[in-house]
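Here the structure comes first, spelled out in structure tokens, and everything after it is commentary.
Each value in this text was obtained by applying a stated rule to the coordinates, not by laboratory testing. This structure is a prediction, so every number in the text was calculated from the model and none was measured. Note: ideal-geometry Cβ built from the backbone for every residue, glycine included; neighbour counts use all protein chains shown.
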Amino acid sequence: MHNKYLVTDEWKIIEDRWNPSLHQGSESLFSIGNGFMGQRANFEESYSGQSLQGSYLGGVYYPDKTRVGWWKNGYPEYFAKVLNSVNWIGIRFRVDGLELDLAQLKVLDFYRELNMKEGHLLRRFKVEIREGLTFEAEVCRFISMKRKEIGAISYQFKIEGGDVPVEIIPYLDFDVENHDSNYDEKFWEGLEENVATQKAVIKARTRKLDFQVAAAMRYELYHDESEPLPLYPEESTRDKYAENAFTLQAKAGEKYSLYKYAAICSSFHYPKDSLVAKADELASQARRDGFKTLQAEQKADWQQRWEQSDISIEGDAEAQQGIRFNIFHLTQTYTGEDARLNIGPKGFTGEKYGGSTYWDTEAYCLPFYMASAGKEVARNLLVYRYNHLEKAIENAAKLGFTNGAALYPMVTMNGEECHNEWEITFEEIHRNGAIAFGIYNYVRYFGDEAYLAEYGLEVLMAIARFWAQRFNWSESKKQYVMLGVTGPNEYENNVNNNWYTNYLAKWCIEYAAEVYARVAEMDPAALQRIAAKTGFNAEGELKQWQEISSNVYFPTSEELGIVLQQEGYLDKEQRMADDLELSERPINQHWSWDRILRSCFIKQADVLQGFYFFEDHFSKEELERNFDFYEPRTVHESSLSPCVHVVQAAYLGKMDKAYEMYLRTSRLDLDDYNREVHEGLHITSMAGTWMSVVEGFGGMRVRNGQLHFNPRLPEHWKSLAFKINFRNSVLKIRLSTKDHAIEKLSGDSVEVVVHGETISL
């Protein structure tokens, strides 16, 4: 089912042959970025084959008008497009009058490599221009982790078979489009085009929101890397485009090196009237410093990042490649330096999903950033939601909720809901619970109770108010029920009493009350401030919360000894996922939506998502019975599903299943399990891979302010090693089935429990 196309290497992603049918997928896999911008692995030169051009800037988006046949009150007015931005990598080549285009020429050799250790993309290829004449190139590019606005390209080439003219055209182009635009419209309007010898600057603005972006380029050409060649380009511009064009009389067998430097500055970070000057200045500086200096900076920066975040798996090259690939892309997507940014599900690798954050951030990504990046970065992810609280209250008000109840958006750029699927926008309300759990998880991990008084309580109260209104009393059941929801399993829509949503809502209400009492104890002044700001009626609302949380209905099957995903689940024909023909998988690409909704098949962990969050609330026997029932019915057609199963399977000692699911989550994109990598990577699920390793095989848990490890490794793994930021300490941890070694690298004294044994460090 999955694609074993790539070469296995522990530090690199390697494509060692040319397959144009897989090229768009490779454009996703080999993407590069730095947390502020990103670039798909499009070719610098012309390419007329199947391709998804993608250059993306953090915080820059377009509110594309939502298209629905029947407008419903409360429906989001727009879908936030992740905008394709300036094509800064472009360099056209005409060799002896023929366009260099790998879709049109005979490819004699091809190699592409994503060097994750050093943070660059390398490509080598050789093509036949015509009989007896070949063009051979080695291209290296990266987006600087140190200089947030800078991208750099080294394009080295030679001709074999005769001396011929080579026309070279470095350019900048804002005349780009989005693949999934509702109206096939373009979102950029040109403002300025300036061009001079070996340089250009263009500036454009987005329609509607007036984000402005300036891109500047510099370039230089060398003979054999050392001899600079004088250039006399023809300079030209048109709307949203600028180029230099010059002709080189290339000698057969001689090597030439073209270096291109680009700087991209947006009004998200700089004043609009300074963008052109700033981009020009930064591009000029990059050229002065040179490609080798920039590359050395890049290597050093990545070395430092890997020092903190690397996970080493001894004895399994595929598993090792998978986890490093995931960590690499997570690091490229979000660095935590700007609290206005977040982690979109495609990051900077594609445009399929809108918005900059989903519930994925709190449920899956936060643990990775807590452990690998530390407290401040993790805190910024939570502050992001606090800053959107007023918008969340507005979102709930649009649906008829009152009294400061908040419904956080499923998808957002600025706090407003901007998703365009009804069942997700209005029914998948469990995202509120994930945000509350993120606060709980952060405080549990770092012991930062001050966060609760400063930000957390206000968010938790607003969420609890929402749940209190969303439940309703059932006279027939004499309990509180929740109707018309969609749980994490999106193959069930508009159901009643989804177990996960009900359980999470009950816990949220109880946790909000608990935090209220805790803040009252430790910071009465903060509580008074929050109560006055929110109009909180402590006596009445806390009593109501207690009444609801004590009487929530949960569907169960006493016969099977399991909780039910939702009411009526057992009315469905019960089949196993293994019974499906491979030709039917994934079912979302082969079945009608009606057939999917009527089937018992589960897209992703639903009940088991709840057991992952609240493992300590249940006995091991309860966990196992539910796992054994639901996992065989799960098709894992959501990228967020396998990681949850790894953690639970490892805890239950089901190591074969844990390892199967680990390969699926860690190599989901590398092996294209769900056949959709051409649309971009599954960035947020990559954090789930970290959970799989550290919480699954490492058995890491936080209990009563202590780190616990109970490692259960796959048989062929010799060891597992990683570093953890915990509280005020940095720990280096090496685990195996035979022994362990834990070292405190810095920080305060800390106690760690391994297999029940307490170790003081």
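Rounded to two decimals, what is Rg over Rh for the stretch 51-106 when you use alpha-carbon atoms and the Kirkwood radius?
Taking Rh as the inverse mean 1/r over Cα pairs, Rg/Rh reads 1.26.
For a test of the definition: using alpha carbon positions, the gyration tensor, and the 1.5 limit on a/c, classify the stretch 90-143 as rounded, prolate or oblate.
Prolate is the answer for the stretch 90-143, as a/c is 1.5 or above and a/b outweighs b/c.
With unit charges on the beta carbons (Lys and Arg positive, Asp and Glu negative) and the dipole taken about the Cα centre of the chain, which residue among GLN565, GLN285, LEU172 sits farthest to the positive side?
GLN285
In Å³ and rounded to a whole number, note down the convex hull volume per residue for the Cα atoms of the stretch 1-135.
Each residue corresponds to 186 Å³ of Cα convex hull volume.
SER312 to GLU539: extension gain in nm, 0.36 nm per residue of separation minus the Cα-Cα distance?
76.4 nm
Quick one, can you get me the convex hull of the C-alpha atoms of the stretch 555-601 expressed as volume per residue in Å³?
84
Over the stretch 303-424, how many percent of alpha carbon pairs lie in each 10 Å bin up to the one with the longest distance?
Per 10 Å bin, starting at zero, the Cα-Cα P(r) for the stretch 303-424 comes out as 12, 37, 30, 14, 5, 1 percent.
With N residues in the stretch 121-167, what two-decimal value do you get for its Cα radius of gyration over 2.2 N^0.38 Å?
The stretch 121-167 yields a ratio of 1.52.
List, in order, the whole-Hz ³J(HN,Hα) value for each residue of the stretch 257-265 obtained from phi through the Karplus relation with A = 6.51, B = -1.76, C = 1.60 and θ = phi - 60°; use x for Gly and Pro.
Computed from phi, the couplings for the stretch 257-265 are 10, 9, 10, 10, 10, 10, 10, 10, 10 Hz.
So what is Rg over Rh here for the stretch 628-744, counting just Cα atoms and using Kirkwood for Rh?
On the Cα set of the stretch 628-744, Rg over Rh gives 1.00.
Simple spin-label model, 7 Å along Cα-to-Cβ: ILE14 to GLN285 in nm?
3.7
I need two numbers for the stretch 594-692: Rg to one decimal and Dmax as a whole number, Cα atoms only, in Å.
That works out to 13.5, 42 Å for Rg and Dmax.
What length, rounded to one decimal in nm, is gained on full extension from GLU227 through to THR197, with 0.36 nm per residue of separation minus their alpha-carbon distance?
The GLU227-THR197 span can extend by a further 8.9 nm.
With everything on Cα atoms, drop me the angle between helix 655-666 and the longest principal axis of the chain, reported from 0 to 90° to the nearest 10.
50
Which value in Å is the Kirkwood Rh of the stretch 572-638 over different Cα pairs?
13.0
Could you tell me which residue out of HIS708, VAL646, VAL730 lies farthest along the dipole of the stretch 581-738 toward its positive end? Charges go on the beta carbon: Lys and Arg +1, Asp and Glu -1, centred on the Cα centre.
VAL730
Between THR293 and ALA245, what length comes free when the chain is fully extended (0.36 nm per residue of separation minus the Cα-Cα distance, one decimal in nm)?
Extra length from THR293 to ALA245 when fully extended: 14.6 nm.
Please state the charge dipole magnitude for the chain, taken about the Cα centre, from unit charges on C-beta atoms (+1 on K and R, -1 on D and E), reported in debye and rounded to the nearest 20.
Magnitude of the dipole: close to 1040 debye.
Rounding to the nearest 20 debye, state how big the charge dipole of the stretch 696-761 is about its Cα centre with +1 on each Lys and Arg Cβ and -1 on each Asp and Glu Cβ.
So the magnitude is around 180 debye.
Pull up the cross-link candidates among the lysines for LYS603, meaning alpha carbon to alpha carbon under 17 Å and not fewer than 8 places away within one chain.
LYS572
When we measure straight from the Cα of LYS744, which lysines land under 23 angstrom away, once same-chain ones fewer than 8 places off are left out?
Partners within reach: LYS375, LYS718, LYS723, LYS732.
Which number comes out as Rg/Rh for the stretch 711-753 once both Rg and the Kirkwood Rh are worked out on C-alpha atoms?
Reported Rg/Rh (Cα atoms, Kirkwood Rh): 1.03.
Tell me the Kirkwood hydrodynamic radius of the stretch 441-513 in angstroms, computed as one over the mean inverse distance between distinct C-alpha pairs.
Here the Kirkwood hydrodynamic radius works out to 13.8 Å.
Between LYS477 and GLU376, what is the label-point separation in nm under the 7 Å Cα-to-beta-carbon projection?
With each label placed 7 Å out from Cα toward Cβ, I get 4.7 nm.
Quick one: which residues, 5+ away or cross-chain, put their amide H under 5 Å from the amide H of LYS255? H built at 1.01 Å from N.
Under 5 Å from the amide H of LYS255: ASP224.
Taking the Cβ of GLU220 as the centre, find all other residues whose Cβ is under 9 Å away and add up their charges (Lys, Arg: +1; Asp, Glu: -1).
For residues surrounding GLU220, the net value is +3.
Jot down the radius of gyration and Dmax of the stretch 437-573, Cα atoms only, both in angstrom.
Spelled out, the Cα radius of gyration and Dmax of the stretch 437-573 are 17.0, 57 Å.
Rg(Cα) of the stretch 312-378 divided by 2.2 N^0.38 Å?
Ratio of Rg to 2.2 N^0.38 Å for the stretch 312-378: 1.20.
What list of whole percents do you get for P(r) of the stretch 609-651, with Cα-Cα distances grouped in 10 Å bins up to the one holding the largest distance?
In whole percents, the pair-distance histogram is 26, 62, 12.
For LYS255, put the label point 7 Å out on the Cα→Cβ axis and report which residues of the stretch 155-171 keep their amide N under 18 Å from it.
155-161
Compactness ratio of the stretch 347-492: Cα Rg over 2.2 N^0.38 Å, N = residue count?
It is 1.08.
May I ask you to derive the relative contact order of the chain, considering only C-alpha pairs under 8 Å and at least 6 residues apart, and to give it as an integer percent?
12
Counting DSSP beta bridges in the chain, what percent are antiparallel, to the nearest 5?
95
Apply 1/(1 + (r/R0)^6) to the Cβ-Cβ distance of GLU567 and ALA300, taking R0 = 45 Å, and write down the FRET efficiency to the nearest 0.05.
That gives a FRET efficiency of 0.20.
Based on Cα coordinates alone, diagonalise the gyration tensor for the stretch 207-263, multiply each eigenvalue by 5, take square roots, and list the semi-axes in whole Å, largest first.
31, 13, 8
Given the convex hull of the Cα atoms of the stretch 284-336, what is a quarter of its surface area in nm²?
Directional mean of the projected Cα hull area for the stretch 284-336 stands at 4.9 nm².
Putting +1 on Lys and Arg Cβ atoms and -1 on Asp and Glu Cβ atoms, find which of LEU29, GLY456, PRO230 reaches farthest to the positive end of the dipole of the chain.
Comparing the listed Cα positions along the dipole, GLY456 ranks first.
Give, in whole angstrom and from largest to smallest, the semi-axes √(5λ) of the equivalent ellipsoid of the stretch 515-618, with λ running over the eigenvalues of the Cα gyration tensor.
That gives 44, 17, 14 Å for the three semi-axes.
Per residue, what volume in Å³ does the Cα convex hull of the stretch 646-702 take up?
67
With the cut-off at 20 Å, tell me which of the pairs LYS146/LYS299; LYS81/LYS352; LYS186/LYS260; LYS81/LYS146 have Cα atoms farther apart than that.
LYS186/LYS260; LYS81/LYS146
Viscosity 0.890 mPa s, temperature 25 °C: what is the translational diffusion coefficient of the chain from Stokes-Einstein with a Kirkwood Rh over Cα pairs, rounded to a whole number of µm²/s?
89
Can you pull the percent of Cα pairs in the stretch 170-317 with separation above 18 Å?
In whole percent, the share of Cα-Cα pairs in the stretch 170-317 beyond 18 Å is 67.
Given an 8 Å cut-off on Cα distances and at least 6 residues of separation, report the relative contact order of the stretch 620-707 as a percent.
Reported relative contact order: 32 percent.
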